[in-house]
Amino acid sequence: MSVRVREAEPGDLEAIADLVGQLGYPSEEEAVAGRVERTTAEPRSWVYVAVEGERVLGLGAVHVMSILERDDPIARITAMAVEESVRRGGVGRALVERLEERARAEGCDKIDLTTRKDRDGAITFYRRMGFKDTSLRFVKDLG
């Protein structure tokens, strides 16, 4: 499989909506278009897709931020999904490597992410990619 990673384009929105749905967040293409637009409008946020030819196989998004406890910025992978039919084929690795490349270019020396506890395959993948389970995340609904 010959996978190329590039920044997302408007023609990718249908595939991105499908991938977001595979993550467990069913979304209409119009809603995803707004999210991609808002995300990429932020100065240090990017959305990438992995493609073979013109077929979108996966997506990854990264945001770089400064935080009070660190001198260097930190990158956070805010979205990561690979088409179920091509998992374990190098698509996820290509995406993570591109996100890491972007993070380094932005001066980051660390990259992090969160994933649901029940995503065993994703957890195994991230560990294989060198990520360590170092913290506990708390979430509170404000609605």
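The values are calculated or read from the model by the stated rules, or taken from the named source; none is laboratory data. What you are looking at is a predicted structure, and each value in this text was computed from that prediction instead of being measured. Methodologically, a virtual Cβ is constructed for each residue, glycine included, from the backbone with ideal geometry; neighbour enumeration extends over all protein chains shown. Heavy atoms of the whole protein, side chains included, go into the accessibility calculation; ligands, DNA and RNA do not. Shrake-Rupley method; radii C 1.70, N 1.55, O 1.52, S 1.80 Å.
Within region 125-136, not a single residue is in contact with an Asp or Glu (Cβ under 8 Å, 6 or more places away or on another chain), open to solvent by less than 80 Å² (accessible area, probe 1.4 Å), assigned to a strand (DSSP E or B) and under 27 Å from residue 2 (Cα atoms). Here are some residues: 61, 81. Which one is among the small types (Gly, Ala, Ser), open to solvent by less than 20 Å² (accessible area, probe 1.4 Å), out of contact with any Phe, Trp or Tyr (no Cβ under 8 Å at 6 or more places or on another chain) and part of a strand (DSSP E or B)? Sole residue among the options that is among the small types (Gly, Ala, Ser), open to solvent by less than 20 Å² (accessible area, probe 1.4 Å), out of contact with any Phe, Trp or Tyr (no Cβ under 8 Å at 6 or more places or on another chain) and part of a strand (DSSP E or B): 81. Need the failing condition index for residue 19 against (1) farther than 28 Å from residue 133 by Cβ; (2) within 15 Å of the chain's Cα centre (by Cα), just the number. Failed condition: (1). From the list 97, 69, 30, the lone residue that is open to solvent by 70 Å² or more (accessible area, probe 1.4 Å), farther than 22 Å from residue 119 by Cα and either touching a helix residue (DSSP H, G or I) at 6+ places or on another chain (Cβ under 6 Å) or not in a loop (DSSP other than H, G, I, E, B) (or both) is 30. Looking across region 1-27, the residues that are small (Gly, Ala, Ser) and in a helix (DSSP H, G or I) come down to 11, 15, 17, 21. There is no residue in region 10-25 that is open to solvent by less than 20 Å² (accessible area, probe 1.4 Å) and under 16 Å from residue 100 (Cβ atoms).
Going through (1) of a type outside the set (Lys, Arg); (2) surrounded by fewer than 20 Cβ atoms within 10 Å (Cβ to Cβ); (3) over 15 Å from the mean Cα position of the chain (by Cα) one by one, residue 40 falls short only on (3).
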